[in-house]
Amino acid sequence: MQSQINNINDRLEILQERLEKRLEKIDQDVKARDVQLDGHDTHLLYLRAGELETVWDKITGQNPLEDIYILHGADVALDMLALNFLYGTDQQRYEAAKVGFENLYEFSFNDENEQKITTAPAEIRKTIDKRANLKFLRAWKWSSETEYLVDLCEGILGKWKNKLNWYYPNAQLRQDYEELEALYINKGVL
């Protein structure tokens, strides 16, 4: 009987050692992936910063609005992260990208607007993105529906900006956004 108990204990020790080695290997793999993902995040933030700097470059080069394009589509939330990243890493690039942000999204980049945008309903952030896409993505530059869709965006954003002075219920916001989304997806045709 004692021999069986000793045998079981020996097997348990072996299994515990194997388990500890596997857990150590998994921990190393997770740390390696975290480092890899951090690199991807940094790369993505630099890509977005480059997009904003391109807008700045064209604005300061006195290019007409119709000659200014973005390549990757607007993402106001990600671009705010990129600006915050640049603020801590490269002040010169931050200043240029900040001007690009302000021209692309028609919002100054400051603490107040960052707070408003990040706490706004998702439909508002998506509307901000759509307005920038409509104005700056090449695919929308010559669409006959662009102006109408920009006006829809402006209407939604105007109501949202005036929400403190005027009642804009979330149900109405969702309805307005769904109309915009349907038209946007179908290039303005329903």
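Per this entry, Asn63 is counted among residues that are outside any helix (DSSP H, G or I), surrounded by fewer than 20 Cβ atoms within 10 Å (Cβ to Cβ) and either modelled with pLDDT of 95 or more or not assigned by TED's automatic domain parsing to the domain that holds Thr127 (or both).
Could you tell me which residue of region 90-122 is nearest to Leu180 (Cα to Cα), considering only residues that are aromatic (Phe, Trp, Tyr) and in a helix (DSSP H, G or I)? Let's see the steps before the verdict.
Within region 90-122, the first condition is being aromatic (Phe, Trp, Tyr), and the residues that meet it are 94, 101, 105, 107, 109.
After this cut, where a residue has to be in a helix (DSSP H, G or I) as well, the list is 94, 101, 105.
Working: Tyr94: 32, Phe101: 23, Tyr105: 17 Å.
The qualifying residue nearest to Leu180 (Cα to Cα) is Tyr105.
The residue pairs whose first member lies in region 90-110 and is without any contact (Cβ under 8 Å) to a residue 24 or more places away in the chain, whose second member is outside any helix (DSSP H, G or I) and of a type outside the set (Ser, Thr, Tyr), and whose beta carbons are closer than 9 Å, counting only pairs six or more residues apart or on different chains, are Glu102/Phe109. What about Leu173, is it more than 17 Å from the chain's Cα centre (by Cα), in a helix (DSSP H, G or I) and modelled with pLDDT under 90? Yes, satisfied. Just one of the listed residues (Val35, Val76) is at pLDDT below 90 and at negative phi, namely Val35. Restricted to region 100-122, and to residues there that are surrounded by fewer than 17 Cβ atoms within 10 Å (Cβ to Cβ) and touching a Lys or Arg at 6+ places or on another chain (Cβ under 9 Å), the residue that is nearest to Leu83 (Cα to Cα) is Ser108. Checking each residue in region 114-137 for being farther than 18 Å from Ile185 by Cβ and not hydrophobic (A, V, I, L, M, F, W, C) picks out Glu114, Gln115, Lys116, Thr118, Thr119, Pro121.
Taking the numbered list (1) assigned by TED's automatic domain parsing to the domain that holds Glu53; (2) in contact (Cβ under 8 Å) with a residue 24 or more places away in the chain in turn, Asn133 passes all entries but (1).
Condition (residue is at pLDDT 90 or above and of a type in the set (A, V, I, L, M, F, W, C)) applied to region 90-98: is it met by at least one residue? Among the residues of region 90-98, at least one is at pLDDT 90 or above and of a type in the set (A, V, I, L, M, F, W, C), which makes the answer yes. The listed residues are Glu114, Glu106, and the only one of them that is at pLDDT 95 or above and of a type in the set (Asp, Glu) turns out to be Glu114. Within the bounds of region 123-138, is there any residue that is surrounded by fewer than 17 Cβ atoms within 10 Å (Cβ to Cβ) and either outside any helix (DSSP H, G or I) or in contact with an Asp or Glu (Cβ under 6 Å, 6 or more places away or on another chain) (or both)? No, region 123-138 contains no residue that is surrounded by fewer than 17 Cβ atoms within 10 Å (Cβ to Cβ) and either outside any helix (DSSP H, G or I) or in contact with an Asp or Glu (Cβ under 6 Å, 6 or more places away or on another chain) (or both).
The values are calculated or read from the model by the stated rules, or taken from the named source; none is laboratory data. Just so it is clear, the structure is predicted and the values come from calculations on it, not from any experiment. Note that each Cβ is placed from the backbone with ideal geometry, even for glycine, and that neighbours are counted across all protein chains shown.
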